[in-house]
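The values are calculated or read from the model by the stated rules, or taken from the named source; none is laboratory data. None of these values were measured; they are calculated from a predicted model. Cβ: placed from backbone, ideal geometry, glycine included. Neighbour counts: every protein chain shown.
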Amino acid sequence: MPHLLFNAQHPPLTLPLSHHRRPPFRTQNPTAWIHSARPIGMPSLQPTVGSTIRCMANPRRVKMVAKQIQRELSDMLLTDKVLQYAILPEASLGADRYLSSLTTISDVEVSGDLQVVKVYVSVFGDERGKELAIAGLKAKAKYVRSELGRRMKLRLTPEIRFIEDESIERGSRVIAILDKIKNEKKTTDSQDEEQFNSPDVSQEDGDWEGDDPDEDIIYVN
């Protein structure tokens, strides 16, 4: 009887279905698992065709880059001959570069992704000098960009856009007009004060008419 127990055929042990390893999920689309594993309600992280992703820099770093660019551009206006001749073509012929216009950098704005720089330029001078200066700067935008890339340690040199800033010149004109009005008022007040303190001319004329016309006059024959 015992040998019957050892020779009995027992069915093979089977584990529950949950313990079996699931075969790996295979698909022709390598990114299909992203969509299948994404929880319900969460947007897809896969970038669409033609879309761009921009990384915004720290606002403090943006301000520092703007200040550095303004310093470099101001130095280039004073030392770079290529930029000076572009602003004032007469300077290449030996003319005084301050003769028709004076160009300064009034402000610099840098985009949050450090890819675009707006340079506000103030030009003091006649209309022709302003037009030549702004046109020359815009024509040398690529040259300025390459020079900034050489001077500054940036991973990506931003695009340079020159914009005419008339606020400073307009403010200077207003100040000049106010100074002129103030000087005219001072002149008018001083003239009124002189007239108030001057002697009575009519009384002196009357005293002169009452005197002898021949008094104190010596006639020589």
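Taken together, the residues in region 115-140 that are surrounded by 15 or more Cβ atoms within 10 Å (Cβ to Cβ) and either among the hydrophobic types (A, V, I, L, M, F, W, C) or more than 20 Å from PRO158 (Cα to Cα) (or both) amount to 13.
Just so you know, in region 155-208 the residues that are surrounded by 10 or more Cβ atoms within 10 Å (Cβ to Cβ) and assigned to a loop (DSSP other than H, G, I, E, B) include one that is modelled with the lowest pLDDT, and it is GLU166. Under the condition of being closer than 16 Å to ILE134 by Cα and in a strand (DSSP E or B), which residue from region 71-116 is modelled with the lowest pLDDT? Once the filter is applied, the top-ranked residue is SER101. Exactly one residue out of TYR143, TYR120 is closer than 15 Å to GLU72 by Cα, touching a residue at least 60 places away in the same chain (Cβ under 8 Å) and not small (Gly, Ala, Ser), and it is TYR143. Among the residues making up region 124-140, those that are within 21 Å of GLU72 (Cα to Cα), at pLDDT 85 or above and in contact with a helix residue (DSSP H, G or I) (Cβ under 7 Å, 6 or more places away or on another chain) are ALA133, GLY136, LEU137, ALA139, LYS140.
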